[in-house]
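Structure first, commentary second.
The values are calculated or read from the model by the stated rules, or taken from the named source; none is laboratory data. Values in this document were obtained by computation on a predicted structure and should not be read as measured data. Accessible surface areas use protein heavy atoms only, side chains included; no ligands, DNA or RNA. Shrake-Rupley method; radii C 1.70, N 1.55, O 1.52, S 1.80 Å.
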Amino acid sequence: MTRVFGDPVEVWTSDGRPVRFVWRGRLYTVRRVLEHWVATRDWWREPPPAADVPGEREFWRVEATPERETGVYELRRDAATGSWLLSRLWD
């Protein structure tokens, strides 16, 4: 089962890949990257991004754990702002 979120997360990266993130006050360690892709913004729904910044969103589906339990999380990075969100969580 998947749940959709839009919660901001703080993400640490290494070589551009997420290695840790904080969501709702808990630190998660990324055990492995399952998928990675880049999508263009819905240009017809959103205002154009700032000049010289591509209108892209980068998605990372990762296996991560706060302690012993492992889950699958989808992180989204907005190229225009550099901000990260937790998009989805699989139970």
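Between F5 and V38, the contour length at 0.36 nm per residue exceeds the Cα-Cα span by 10.0 nm.
Taking F21, F59 and ordering them by how much accessible surface each has at a 1.4 Å probe, largest first, produces F59, F21.
With the whole protein complex present, R88 retains an accessible surface near 80 Å², based on a 1.4 Å probe. Between R61 and T13, full extension at 0.36 nm per residue minus the direct alpha carbon distance yields a gain of 15.9 nm. Largest to smallest in accessible area, the residues W84, W90 fall in the order W90, W84 (1.4 Å probe, all protein chains included).
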